[in-house]
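Please read the structure below before turning to the comments.
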Amino acid sequence: MRRKCASRAALRRARERRRQRRRLARRPSAMVRALTAAALALPGLASPAAADSPPTQARSDYHYSRYAEDAVESKKVAAGSERDRYEIDIHQFRFETGISDRVGFNIDITHEAMSGATPWYVTPGPNGTPVQVMTQATIEEARTDALLAGDYYFDRGKATLSGGVSSENDYLAFNGGLGGERQFNDKNTTLSAGIGASFDRITPEDTNKYPTRPHRENKQTYDVYLAASQVLGSATIVQTSVKYQLGTGYLSDPYKLAYVAGTPETDERPDLRNQISWLTRFRHHFRSAKASVHLDYMLYADDWKMYSHTFELAWYQTLFDRFLLVPSARYYSQSQAEFYAPYFTAPRGDGYRSSDYRLSPYGAYAFGIKAELPFEVWSLNWALTAAYDRYVSGADLALQKVDVENPGLVSYNLFTVGVTGRF
Amino acid sequence: MFPARFRAISAAALLSAALAAPAPALEKGDRAPDFSAPGLAGGTVSLATYRGKVVFLDFWASWCGPCAKALPALDQLRKEFKPGDFQVIAVNLDRDPKLAVKFLSKRPVGYPSASDPNGTVPQRFGVDSMPTSFLIDRSGVVRHVQRGFRDGDVAPLREKIQKLVADKR
Amino acid sequence: MTRCLALLLLALACSGCAPVRPWERDALARPDMAWDPDPLGAQLGKHIQFSKEGSLDGGPGGGGGCGCN
């Protein structure tokens with residue numbers, strides 16, 4: 001009896017050994033596996049390395065900002081015109097969280113209350129130098145913006161769908177976007193792409209008072225972007241991206257006029273605009289200094305013959321292991337749109353015209369300082385933020401030589417306070 | 001189809017990429033390499049001491065969100081089994097172990113964590129994502145590789161551990 | 001065919017940079033190493049630039065960070 005049991009056990013063991021041999025035989029040799037793994041590390045033949053995941057904590061941000069433009073210098077403004085410019089109170093709210101193992105979403109709401117005068121048209125001044133005629137100060141206008149975005153996280157990438165609405169007294173826009181990213185090379189390389197569209201309807205105010213003002217106009221913008229980012233070291237990353245945008249429909253400014261041979265005429269721009277921007281961003285962390293540097297450069301060009309350069313630099317300094325101080329600087333320079341002039345002595349052959357300072361040649365520098373202090377209350381992580389930014393523009397700040405400065409160029413101060421909560 | 005020179009260049013490029021690649025990730029059926037590393041709380045943590053028990057080996061770091069989420073879940077899972085049957089051990093990969101100690105002081109767990117700031121242990125295990133965990137049976141063979149951590153991963157893990165604990169060989 | 005070429009190009013491009021291992025990403029996971037550590041500030045900045053300047057804003061982010069799930 002015992003011998004039978006023993007032989008049964010022996011049979012079982014022998015069967016198990018055969019099974020093991022077959023299993024080992026099916027598995028490739030260590031050398032083959034090493035080479036296969038090397039191949040798997042190449043992009044395309046993705047390794048099983050999983051991608052990022054939905055936020056593990058919910059995060060809520062609120063910022064209040066006060067934007068105040070400098071008054072126009074008296075020598076730049078037409079006699080009797082309003083000199084005080086725009087002031088805006090801005091409230092921003094953001095909430096983001098993960099809602100399942102693979103899904104996250106965020107919502108952004110902005111509300112602005114604006115008042116003040118804006119540039120209306122430019123006339124030749126006493127000695128030919130252009131002077132700005134301002135609109136009358138508006139009582140108060142409001143803008144509300146809402147954006148909702150959802151992310152789905154795959155093993156090696158992410159897809160994002162977003163939709164938003166923007167509404168003002170005279171303006172309503174709907175926008176949407178779809179984007180995705182894919183990670184390669186042990187998550188050292190990321191490729192991303194996306195498309196977006198926006199449909200805007202403008203119904204300008206005071207059309208009774210200003211009969212040449214359009215009553216209702218539509219505008220459409222479509223954009224596509226491609227981006228590639230690469231980890232260059234354990235504390236260094238770079239990204240380069242290209243974005244193309246097509247604008248069609250009413251692209252002029254209904255509230256601005258252009259002086260043509262002594263008469264203020266409506267702002268007339270082409271109903272098509274092709275724009276392209278190329279942005280490169282660099283991030284590096286200095287371990288010993290406990291600081292990170294951000295360096296961005298953007299090149300922009302469009303078929304209105306305008307091009308621009310933007311340089312941004314920010315230094316994120318951690319102090320006493322908790323406090324964050326961020327000084328920053330920005331330099332911007334743009335050329336003019338083809339159909340721009342401060343004022344026109346004769347109409348253009350193509351019928352286009354604009355004196356908008358935003359299409360004029362100029363340069364600008366900005367500097368900012370931001371401070372962030374984290375603290376813990378009710379066992380939740382909070383952070384307080386305060387920031388100040390100063391922006392100054394001028395024709396003499398442009399990279400190229402500018403003959404005539406648009407008198408409506410803007411400079412402003414921006415104060416921000418905010419609170420962030422993580423839970 | 002491709003000229004010989006092109007093939008040679010491709011081979012060279014592939015080889016250089018291969019040389020830069022980490023050790024192949026341990027798979028189901030591989031023997032888990034023994035390791036010994038200093039514990040975050042002092043002493044030494046060594047995989048060999050757990051031979052004969054089912055072990056869940058978790059590689060984590062304080063800066064990794066999903067890793068932090070996994071810690072309490074793993075501690076909970078550990079308490080569901082007898083200590084003689086199932087153990088959880090972790091290898092912390094923070095460059096500065098003090099950050100890991102600070103992290104654990106706020107969210108303590110009842111299982112030991114080794115400290116490996118140079119990353120020699122994850123290299124040997126071929127860790128290719130954060131977090132990565134290995135479910136090792138009583139004889140030291142890897143039976144499941146857990147990449148990443150999501151809430152939905154706990155139930156299947158529990159089932160696998162129950163099966164391995166029942167296998168007393 | 002195109003896949004082989006793409007693989008080759010990317011392999012050649014990256015053969016110079018040793019890939020950073022998943023457990024070496026502590027610095028990359030820092031909030032101050034994100035493309036936009038302050039999303040509201042970045043959003044407001046872009047809006048002001050769009051309203052007061054002539055250019056487009058640049059493309060969005062992707063890559064870097066913790067790399068965890």
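The values are calculated or read from the model by the stated rules, or taken from the named source; none is laboratory data. Values in this document were obtained by computation on a predicted structure and should not be read as measured data. Positions of Cβ are generated from backbone atoms using ideal geometry, with glycine treated the same way; all protein chains shown enter the neighbour counts.
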* Evaluate the following for B:V154: is it part of a helix (DSSP H, G or I) and under 14 Å from B:C67 (Cα atoms)? => yes
* Residues being more than 14 Å from chain C (Cβ to nearest Cβ) and out of contact with any Lys or Arg (no Cβ under 8 Å at 6 or more places or on another chain) - total across segment A:403-417 -> 3
* Consider A:R330 carefully, then state whether it is free of Cβ contacts under 8 Å to residues at least 12 places away in the same chain, within 11 Å of another protein chain (Cβ to nearest Cβ) and surrounded by 14 or more Cβ atoms within 10 Å (Cβ to Cβ). => no
* To do: Having 1 or more residues that are closer than 30 Å to C:A34 by Cβ and either in contact with a His (Cβ under 8 Å, 6 or more places away or on another chain) or not hydroxyl-bearing (S, T, Y) (or both) is the bar; report the strands (runs of 3 or more DSSP E) wholly within segment B:18-99 that clear it.
  => B:54-60, B:86-92
* Structure fact -> When segment A:134-172 is checked residue by residue, the ones that are modelled with pLDDT of 90 or more, outside any loop (DSSP other than H, G, I, E, B) and farther than 20 Å from C:L44 by Cα are A:G150, A:D151, A:Y152, A:Y153, A:G157, A:K158, A:A159, A:T160, A:L161
* To do: Restrict the check to segment A:218-236 and report whether at least one residue is within 23 Å of A:W120 (Cβ to Cβ) and within 21 Å of the chain's Cα centre (by Cα).
  => yes
* Residue check: is A:E312 more than 20 Å from the chain's Cα centre (by Cα) and either part of a strand (DSSP E or B) or in contact (Cβ under 8 Å) with a residue 24 or more places away in the chain (or both)? -> no
* Structure fact -> Across segment B:127-144, the tally of residues that are facing another protein chain (nearest Cβ under 8 Å) and either among the hydrophobic types (A, V, I, L, M, F, W, C) or assigned to a strand (DSSP E or B) (or both) stands at 3
* Asked: Does segment B:84-91 include one or more residues that are more than 22 Å from A:F423 (Cα to Cα), within 14 Å of another protein chain (Cβ to nearest Cβ) and of a type in the set (F, W, Y)?
  -> no
* For residues in segment A:218-239 being at the interface with chain C (Cβ under 7 Å from one of its Cβ atoms) and hydrophobic (A, V, I, L, M, F, W, C), which is surrounded by the fewest Cβ atoms within 10 Å (Cβ to Cβ)? -> A:L232
* To do: Using the structure shown, decide if A:S53 is under 30 Å from A:S379 (Cβ atoms), touching a Gly at 6+ places or on another chain (Cβ under 8 Å) and surrounded by 17 or more Cβ atoms within 10 Å (Cβ to Cβ).
  => yes
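Among what's in segment B:103-119 and is touching a residue at least 12 places away in the same chain (Cβ under 8 Å) and assigned to a helix (DSSP H, G or I), pick the residue that is farthest from the other protein chains (Cβ to nearest Cβ).
B:L104
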